[in-house]
């Protein structure tokens, strides 16, 4: 696990209040290893999540068929893991590029990020 270079992020990320957003994904294709993590920030291109246990994800991993939940909004897509860092002894943070699986999903994602941006601007 390493820190990501500061120049990799091009879009500003906006914080998501605790308990408002989650991301669900599978580590492998077996269907019995679905994980849920706390969404901590979003941007037009990606997201960051935290979880208590280290699921064994590595930088460069593609997490397919992920679901991002913010409030009552749900968007499905793939997550490309860009960095992983330890937040504390038991918690890790993972930054990903998010690829919504459909065009309507991409539009929904853009609207969600715009809404969070508007809420942060107040």
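Take residue 32 and decide whether it is more than 13 Å from the chain's Cα centre (by Cα), surrounded by 12 or more Cβ atoms within 10 Å (Cβ to Cβ) and either at pLDDT below 95 or not in a loop (DSSP other than H, G, I, E, B) (or both).
Criteria not met by residue 32.
What are the residues in the range 48-104 that are without any contact (Cβ under 8 Å) to a residue 24 or more places away in the chain, in contact with a strand residue (DSSP E or B) (Cβ under 8 Å, 6 or more places away or on another chain), exposed (fewer than 13 other Cβ atoms within 10 Å of the Cβ) and not in a strand (DSSP E or B), if any?
60
Step by step: first the residues of the range 9-29, then only those that are surrounded by 11 or more Cβ atoms within 10 Å (Cβ to Cβ), over 18 Å from residue 71 (Cα atoms) and in contact with a strand residue (DSSP E or B) (Cβ under 9 Å, 6 or more places away or on another chain), then the one that is modelled with the lowest pLDDT. Which residue is that?
9
Scan the range 15-27 and report the pairs whose first residue is over 17 Å from residue 74 (Cα atoms) and whose second residue is modelled with pLDDT of 90 or more and assigned to a strand (DSSP E or B), with Cβ atoms within less than 6 Å and a gap of 6+ or a chain change.
If the second residue must be modelled with pLDDT of 90 or more and assigned to a strand (DSSP E or B), the pairs left are 15/41.
The values are calculated or read from the model by the stated rules, or taken from the named source; none is laboratory data. Quick caveat: nothing in here was measured; it's all calculated off a predicted structure. No Cβ is skipped: glycine too gets one built from the backbone with ideal geometry, and neighbour counts run over all protein chains shown.
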